[in-house]
Amino acid sequence: MNDFEYANAPESKAIANISPNYGLFIGGKFVDPKKGKSFSTINPATEELLSKVGYGDKSDIDAAVRSARAAYTKIWSKMPAKERGKYLYRIARIMQERAREFAVVETLDNGKPIRESRDTDIPLAAAHFFYHAGWADKLEYAGFGSKPKPLGVVGQIIPWNFPLLMLAWKIAPALAAGNTVVLKPAETTPLTALLFAEVCQQAGLPDGVVNIVTGDGITGAALVNHPDINKVAFTGSTEVGKAIARSISATKKTATLELGGKAANLVFEDAAVDEAVEGIINGIFFNQGHVCCAGSRLIIQENVADEVLEKLKKRMSLIRVGDPMDKNTDLGAINSKEQLNKIEEISKTGDAEGANRWSPDVKLPTKGFWYPPTIFTGVTQSHRIAREEIFGPVLSVLTFRTPAEAIEKANNTMYGLSAGIWSDKGSKVLWAAKQLKAGVIWSNTFNKFDPASPFGGYKESGWGREGGRHGLAGYLTSDSKVNK
Ligand code: NAI
Ligand code: MG
């Protein structure tokens, strides 16, 4: 496509005031890690160093949990719920005021297009704080008995695909319910969490209610195993989720786990094809496919498969890949070298097992981590690319002849996080939605999120729900569990 060129439209880096070093946020202050260790976070689109961030070990986790416990006992659990709500509203408003700064920092640290961090991640993160601020003084009407109580101190561990949004999904309901938190961001994307720590200071949040300890899996494991946390909230790989479930099994700690997915996106013969194509694109190429609920298995009714694939390839040729800071960019950088290696490794098994690879002709930048938008056709259910989460811009395409076969193929997975249905017939959509074993089902759309809507999975996709009234349940305990 040479007849529709875009001029560059770069967002300014100047608005992001990234410090060359960050400490850990414990007890309302930035403090140096006890052992003085740090690690680098880079921009995956350029491999440039962005900042050196404190590496928290067991002793730092212990200090953070102590600070969260003190804040819980002395301040947060005693504060009238209405006052707690005010802090959450204040945080939400400051996040909106500083939205542009957050978007730029997120894109630099993560590699996602500025258009997505600006229009999706940051507004949704603020919306989660607004939504939960409203719940803080209405918990006795949420259906968990007349006196629902917080759990205490919650350990929260988040991944790198939606760094600030996952922080909001974790911290907003925890605080609204009256808990205090220690949160560990992912090692490749710690910066927006540290900016959020500044927002907590700016909002005058009492010291110790939110603590942020940066580090890696060892830091995360120290948090999970700390004897004085009451609950673990985790989003990430199924492998680590299982390890967490094992390590808390002999304790009184509770857990919510939001893990992987391999969502089926079903296109029936009566679907509006052009709309379905937009939904397929959004389902797998949004956020470079680093999405647990990505529509990574496209399952098309055989008699319309040629038409859908032809239009899909044409649409894929229009995807603009490159500088995430350019407002025209659709597909940004892969978050890390490790993730790029994983995408390459699993995709190669698609070639080896006999599927047919296709990518549009795109020029990838020479520095940084990149993968072109890719589809595999001729995929069968036994192929690795049909079973495993690739977590990249790679779509596996299968076909079906009858609606019953569509459902059987869609449910033939160890996951069950999300699914999509494309059909013009309301009755068919409802029939299919009832059979699909997935926590979230979109009809004639994909990847739509709202703080009021619960999110979570079946089978190996996790335990519990986040968002909405259901999500609050994971942060409360009640004397009467009648309505739970
Ligand atoms: P991961 O599960 O290792 O990392 C997620 C978070 O858990 C990070 O903050 C990490 O530091 C922490 N962590 C790692 N090991 C831990 C442990 N033993 N105890 C406590 N915390 C620990 O995921 P990773 O390695 O970044 O990605 C690997 C694959 O996981 C991806 O390719 C993708 O398939 C999947 N994934 C799924 C996500 C989702 O949203 N469901 C998010 C990120 C990754
Ligand atoms: Mg980074």
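The values are calculated or read from the model by the stated rules, or taken from the named source; none is laboratory data. Remember, predicted model here, so these are calculated numbers, not experimental data. Methodologically, a virtual Cβ is constructed for each residue, glycine included, from the backbone with ideal geometry; neighbour enumeration extends over all protein chains shown.
Worth pointing out:
- Filtered by the rule that a residue be assigned to a helix (DSSP H, G or I) and over 17 Å from Ile319 (Cβ atoms), the stretch 264-303 gives Val273, Glu275, Glu302, Asn303.
- The stretch 304-340: number of residues that are within 16 Å of ligand 1 (Cβ to nearest atom), assigned to a loop (DSSP other than H, G, I, E, B) and surrounded by fewer than 23 Cβ atoms within 10 Å (Cβ to Cβ): 1
- The set of residues in the stretch 136-147 being surrounded by 22 or more Cβ atoms within 10 Å (Cβ to Cβ) and modelled with pLDDT of 95 or more consists of Ala136, Leu139.
- Annotation note: of Gly217, Gly236, Gly208, Gly241, the sole residue that is at pLDDT 95 or above, outside the structural domain of Val291 (by TED's automatic domain parsing) and more than 23 Å from the chain's Cα centre (by Cα) is Gly208.
- Here the condition is being crowded, with 20+ Cβ neighbours inside 10 Å and more than 10 Å from ligand 1 (Cβ to nearest atom); of Ile248, Ile244, Ile229, it holds for Ile229 alone.
- When the stretch 345-359 is filtered for residues that are more than 12 Å from ligand 1 (Cβ to nearest atom) and assigned to a helix (DSSP H, G or I), the ones remaining, listed by number, are Ser347, Lys348, Thr349, Gly350, Asp351, Ala352.
- Hey, Lys409 touching a Phe, Trp or Tyr at 6+ places or on another chain (Cβ under 7 Å) and at pLDDT 95 or above or not: yes
- Filtered residue count, the stretch 108-141, keeping only those that are among the charged types (D, E, K, R) and outside any helix (DSSP H, G or I): 3
- Looking across the stretch 251-263, the residues that are away from ligand 1 (no atom under 11 Å from the Cβ) and either free of Cβ contacts under 8 Å to residues at least 60 places away in the same chain or in contact with an Asp or Glu (Cβ under 8 Å, 6 or more places away or on another chain) (or both) come down to Thr251, Lys252, Lys253, Thr256.
- Checking Ser359, Ser347, Ser296, Ser336 one by one, the residue that is more than 30 Å from Arg100 (Cβ to Cβ) and under 18 Å from the mean Cα position of the chain (by Cα) is Ser296 and no other.
- Here Phe30 fulfils each of the conditions (1) in a strand (DSSP E or B); (2) under 30 Å from Lys314 (Cβ atoms) apart from (2).
- Being surrounded by 24 or more Cβ atoms within 10 Å (Cβ to Cβ), out of contact with any Phe, Trp or Tyr (no Cβ under 9 Å at 6 or more places or on another chain), among the aliphatic types (A, V, I, L, M) and not in a loop (DSSP other than H, G, I, E, B) is a property that Val105 has.
- Looking only at residues in the stretch 29-46 that are touching a Gly at 6+ places or on another chain (Cβ under 6 Å) and farther than 15 Å from Asp216 by Cα, the one that is surrounded by the fewest Cβ atoms within 10 Å (Cβ to Cβ) is Asp32.
- Test for Gly155: is it within 24 Å of Ala245 (Cβ to Cβ) and either among the acidic types (Asp, Glu) or modelled with pLDDT of 95 or more (or both): yes
- Entirely in the stretch 142-237, the helices (runs of 4 or more DSSP H) that have 1 or more residues that are without any contact (Cβ under 8 Å) to a residue 12 or more places away in the chain and more than 16 Å from ligand 2 (Cβ to nearest atom): 191-202
- Any hit, the stretch 253-263, residues being assigned to a helix (DSSP H, G or I), touching a strand residue (DSSP E or B) at 6+ places or on another chain (Cβ under 8 Å) and either under 20 Å from Tyr55 (Cα atoms) or not assigned by TED's automatic domain parsing to the domain that holds Asp424 (or both): no
- Within the stretch 113-135, the set of residues being out of contact with any Pro (no Cβ under 6 Å at 6 or more places or on another chain) and of a type outside the set (A, V, I, L, M, F, W, C) comprises Arg115, Glu116, Ser117, Arg118, Asp119, Thr120, Asp121, Pro123, Gly134.
- Restricting the stretch 360-394 to residues that are touching a helix residue (DSSP H, G or I) at 6+ places or on another chain (Cβ under 6 Å) and closer than 14 Å to Phe285 by Cβ, the residue that is farthest from ligand 1 (Cβ to nearest atom): Pro360
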